[in-house]
Amino acid sequence: MTFKLPVFILTIFILFQACKQDSANSPTHVASNSSNATASGHRRMIAILDSIAQNASPQNCYHLNSKKADFFLEQMSIVPQEQRPFAQFKYAEQLLYAGKIEAAIMQFQDVVNQIGDQLNADTKLVYEMLAVSYMRLGEQQNCVEQTTSQSCIIPIQGTGIYKMKAGPENAVKIYERILKSFPDDMQTRWLLNVAYMNLGKHPAGVPKEYLVPENLFQTKGEIHFRNIATQLGMDVRGISGGICMEDFDGDGNLDLFMTSYGLSDPARFFRNNGDGTFSERTHEANLDGIVSGLNTLHADYDNDGDRDIFILRGGWLVGGTHPNSLLRNNGDGTFTDATIEAGLLSFHPTQTASWADFNGDGWLDLYIANESRPNLPLHPNELFKNNGNGTFTNVAKELGVDFTGFFKGCTWGNANNDRLPDLYLSNLLGDNKLLVNRGGSFEDIAVNAGVNNPQMSFPCWFFDFNSDGLDDIFVAGYNFDLTLQASGDFLLELMGKLPDGDWSRIYRNDGNETFTDVAKQTGMNKLTFAMGSNFGDLDNDGWLDFYLGTGKPDFRALVPNRMFRNVGGQRFEEITMNGFGHLQKGHGIAFGDLDNDGDQDIYEVMGGAYEGDIAPNIFLKTPERPGINGLKSKWRAKPATGTASAQK
């Protein structure tokens, strides 16, 4: 039997997309059923979110994998007999994505048996998925259910080595078989080495021809960060989501607010007790029923001195009917969803927004960059002007900034030092935009300024990386094409072979509304597959460093999260192997001094896009040391020479 998977996938995709969207998923239906003249806006939002979760249609949501599995199970009984293995493959795939791993393994193995256990170019994907199912089984048993401070952090060692070994042992057998037929498959080679690490057998146990040299995993300097989330009870489990780190209750300690992408996943609020511990206060903060969210950001929108929270929902969802939430901080340890009364209720897919006072009236305004896809209804971007009375007005169309595109990042900064906030937009399917504020209007100068690339990008931000007083721009390249092998590309890069693709950009501000791409000079011509990101001064040396949460929905995209240290404003040195290289998918990242010891820690929300791609969040603690300056001297890094921006 010849197993031509791509043709079948297209057939099933068409069948699946042909399903009619559930009418309960439309904005009109949700809003009308949820409205109640006597109910508060807070309760109305909870009702809307609950209605969406109950009625969501799986063809519009990446993370309703159990329901998708049911669909393909039904297909197995109605497709012609010769196509049954293909339907069963898709069924097994969705079982895996739903976290039903043992069941997925049984189904993948049955497909292997039906095709006569023939490994060739047409059937290779079946074997890859069976192997990664075993890998995921090991992760679930050893990294998720029995988390330690070293779990899933490259290089895997110490308590990170698996106690339950059946998963990686079975994966090794399949990966070695694949590599015998496809010796140049870099993704399989990387995953084989990770499996041996999980078993505690790297490098000695790895066949020489497939070995990734151990010296590629060496730390740089003497400082090694440590994940203390489990010992603090902060290893919250979920899928991808956002994080806010802020002193929300005004006691001088940084608290944590986090979300998870699942339609019914609760937002969580942890109060910092000021003694190195945290207490969950989700219920006490009036957050019961506030669910889901792929990203979140905070600001004081009503000028009352308390930081409020904005939750972004609907990113990647085809239907685009998931509203964002504005949580007003009441100043007494509680929050109220003020979205509806503030005039911010809208139904668009998005995961990115940014606050700034664009018109200089003393009130923070909000730009929301939405996602529009070809051949589907458009979702224009929104610019909500703060009216100064707790309400907002969308002026995006009036100001000509109601763009449509697949926007995955937006950030306010100052491109020309005129004290007016400018806006940079990262577009996953085309030119990025740099909107210069002309004091009442905006002008897109991205092409002339030289900052419109990469053509497929994700997170972005303004920061002065070289301390010359001008805002520079970072934008990460990204490609969600599932045929691209993120793990293989990472291995190529690790071995000094730059893979094909559109790498990240560091745009140095030249001070005249133009920028120079210095990615290569600064060592950032890399394919990072970044989804989450943030920056801060990791080592208290006065230069801004950054951390990238990496990954793709594909379970084979086992790429470590990556940390880059700023060396004197001239280059970025990768220090991923110093305790930062967590293998699970990374999203929301926050830098801050969570224990008031004078240096910044990192909290990161982990987990993927699928229902079963659950991972515990991590809390990376700066090492204990006698004084703040002790860290700086131990990196032992030499400044770069050659062409680079001036440092101060």
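Of all DSSP beta bridges confined to the range 200-348, the antiparallel ones make up roughly 100%. Across the range 141-146, rounded Karplus estimates of 3J(HN,Hα) from the backbone phi angles (6.51 cos²θ - 1.76 cosθ + 1.60, θ = phi - 60°) give 6, 10, 9, 9, 7, 9 Hz, Gly and Pro being marked x. Within the accessible area of the range 245-325, the carbon and sulfur atoms contribute 41%, probe 1.4 Å, all protein chains present. Taking only the Cα atoms of the range 400-524, the ratio Rg/Rh comes out at 1.00, with Rh defined as the Kirkwood radius.
Over the range 129-250, the alpha carbon radius of gyration divided by the compact-protein estimate 2.2 N^0.38 Å works out to 1.23. For the range 368-403, GluC sites (Glu not before Pro) meeting the loop criterion (DSSP other than H, G, I, E, B) and having at most 12 other Cβ atoms within 10 Å: Glu398. Using the average count of surrounding beta-carbon atoms within 10 Å as a protection proxy, the listed peptides 567-578, 439-450, 540-551 rank, highest first, as 540-551, 567-578, 439-450.
Normalised per residue, the accessible area of the chain is 37 Å², obtained with a 1.4 Å probe and no contribution from ligands, DNA or RNA. Between the range 171-247 and the range 382-400, the alpha-carbon centres lie 46 Å apart. Taken over the range 256-346, the percentage of Cα pairs per 10 Å bin, counting from 0 up to the bin with the maximum distance, is 16, 49, 29, 6, 0.
How much of the calculated P(r) for the range 542-623 lies past 20 Å, in percent of all Cα pairs? Everything past 20 Å amounts to 36 percent. The alpha-carbon atoms of the range 40-190 define a convex hull whose volume equals 156 cubic angstrom per residue. With a/c under 1.5 counting as rounded, go ahead and sort the range 315-437 into rounded, prolate or oblate using the C-alpha gyration tensor (a ≥ b ≥ c being the square roots of the eigenvalues; past the cut-off, prolate if a/b is larger than b/c, else oblate). The shape class here is oblate.
Amide H contacts of Asn387: Phe392, Thr393, each under 5 Å away and 5 or more positions distant or on a separate chain (H built 1.01 Å from N in the peptide plane; Pro and chain starts excluded). Dividing the Cα radius of gyration of the chain by its Kirkwood radius returns 0.95 for Rg/Rh.
Applying both filters, DSSP loop and at most 11 other Cβ atoms within 10 Å, to the chymotrypsin sites (Phe, Trp or Tyr not before Pro) of the range 356-399 eliminates every site. Share of the range 385-425's accessible area from carbon and sulfur, percent, 1.4 Å? Whole-percent figure for carbon plus sulfur exposure: 43. For the range 401-435 and the range 508-568, what is the centre-to-centre distance using only Cα atoms, to the nearest Å? About 18 Å separates the Cα centre of the range 401-435 from the one of the range 508-568. Using a probe radius of 1.4 angstrom, the carbon and sulfur fraction of the accessible surface of the range 126-194 is 51%. Put simply, the C-alpha atoms of the range 510-572 give a gyration tensor, and the ellipsoid matching it has half-axes of 25, 16, 10 Å, longest first. Sparse packing (at most 15 other Cβ atoms within 10 Å of the Cβ) combined with a DSSP loop state is found for the following trypsin sites (Lys or Arg not before Pro) in the range 469-515: Lys497. Taking all Cα-Cα distances within the range 189-347, those exceeding 20 Å account for 61%.
The values are calculated or read from the model by the stated rules, or taken from the named source; none is laboratory data. Model, not experiment: these values are computed from the prediction. Cβ coordinates were reconstructed from backbone atoms using ideal geometry, including for glycine residues, and neighbour counts include every protein chain displayed. Ligands, DNA and RNA are excluded from the accessible area calculation, which covers all protein heavy atoms including side chains. Shrake-Rupley method; radii C 1.70, N 1.55, O 1.52, S 1.80 Å.
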